[in-house]
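The values are calculated or read from the model by the stated rules, or taken from the named source; none is laboratory data. The structure displayed is predicted, hence computed values, not measured ones. When we count neighbours, we look across all protein chains shown, and the Cβ atoms used for this are built from the backbone with ideal geometry, even at glycine.
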Amino acid sequence: MKKIIVYILVFIMLIPCASGETLRPGMSGETIVQLQQALIEQGYLTGNADGIYGRKTEKAVRNFQKKKGLKVDGLAGKKTQELLFDSSSSLPHSGIFSGDYSKITAESNKKRIMLLQNALGKMNYLNGTIDGIYGTVTANAVKAFQREQGLKVDGIAGQKTLLCIEEKTLSGYKRQTELDRAAPISSSDGKIDAPAKESVQLLHWYNDIKPNLKAKANLLIYEPISGLSWTLVVHSKGRHCDAEPKTLKDTQIMLKAFNNKNTWAQKGVYVLLPDGRWTIGATHTVPYLNQYIKDNGFDGHLSVHFFRDMDECTKMDPNYGVSNQRTIRELWKKTSGELL
């Protein structure tokens, strides 16, 4: 009976896209959501189906049209829609997962992982880019869904989990997070005076910071573009510092500084250490792995990177670590005028 209801819902949702109405930039609504979902499923669009026909959606339509030999104008007219939905797994009676409820893992087809991520994102279990990678962030989102729906909590998207995800997504279910329930922060929250540039030092992670930094210590973070500051609590130290926002308000302020996005795109920040010294760091807003503080609205922890020798970092952390070191060096140049 549940499958029949799901199929009916899918069919009803797809009627607008089969109507022949030309969809164009500037339009919004459920019709655009269905267009975007079809483009996501076929690998022409990344991210969430937000129902807004913007530049990314127009570009995806153009790429689809070019691939299929259609007139490339970025407008989803009748021919474009017919061909798109004929080859899409969003066809009536297919459900979100096209009737395939076999386990989705890190080794699964990228397209299936993106379908899973998109559904989790629509229900507020997953923030960030829909990238087709079944990593820690996606596994944690699956665990959170399983926990709240009374399923076995293993982070594996098996048959029972996929059926439940499909049913909940198509019924319009959205998870209410601590951030959703939180009172809005004021315009003055997190505002402090910027540290004087001459007081900021370029301190080395291994030589100057790590030996003296204790677990549960507080780090005051200042993001120079927004002028906002928030407090992180230190949890562990490796090649970088693992920490998380101290309170719910700290999480709200941090997200505001990052344009209210959970993103791996790090920002250069000033960091006030427990001993009173200001230094340069880089951080992001994607929660991953364990959460140590309850009720802070952050489902995991994050990393704060500090200055390291580039040769060492290239050897040990050739991708994200090096990216953070470049961000740190850019902020140091703006602060001191010194090019490293």
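Just name the residue that is nearest to LEU331 (Cα to Cα) out of those in the stretch 180-213 that are polar (S, T, N, Q) and more than 28 Å from the chain's Cα centre (by Cα).
Among those that are polar (S, T, N, Q) and more than 28 Å from the chain's Cα centre (by Cα), it is GLN201.
Residues TYR320, TYR288: which one is out of contact with any Lys or Arg (no Cβ under 9 Å at 6 or more places or on another chain) and closer than 17 Å to SER236 by Cα?
Result: TYR288 is the single residue among TYR320, TYR288 that is out of contact with any Lys or Arg (no Cβ under 9 Å at 6 or more places or on another chain) and closer than 17 Å to SER236 by Cα.
So, of the residues in the stretch 36-84 that are under 17 Å from PRO25 (Cα atoms), of a type in the set (A, V, I, L, M, F, W, C) and part of a loop (DSSP other than H, G, I, E, B), which turns out to be modelled with the lowest pLDDT?
ALA49
Out of LEU162, LEU232, which single residue is in contact with a helix residue (DSSP H, G or I) (Cβ under 9 Å, 6 or more places away or on another chain) and outside the structural domain of GLY321 (by TED's automatic domain parsing)?
None of the other options fit; the residue is LEU162.
ALA144 - would you say it is crowded, with 18+ Cβ neighbours inside 10 Å and either in contact with a helix residue (DSSP H, G or I) (Cβ under 9 Å, 6 or more places away or on another chain) or not assigned by TED's automatic domain parsing to the domain that holds TRP332 (or both)?
Criteria met by ALA144.
Could you list, in sequence order, the residues of the stretch 171-211 that are within 16 Å of ARG277 (Cβ to Cβ), part of a loop (DSSP other than H, G, I, E, B) and in contact with a helix residue (DSSP H, G or I) (Cβ under 7 Å, 6 or more places away or on another chain)?
Listed by number, the residues that qualify are LEU202, LEU203.
Would you please name the residue that is surrounded by the fewest Cβ atoms within 10 Å (Cβ to Cβ), looking only at residues in the stretch 104-130 that are farther than 15 Å from LEU163 by Cα and β-branched (Val, Ile, Thr)?
Going through the qualifying residues, I end up with THR105.
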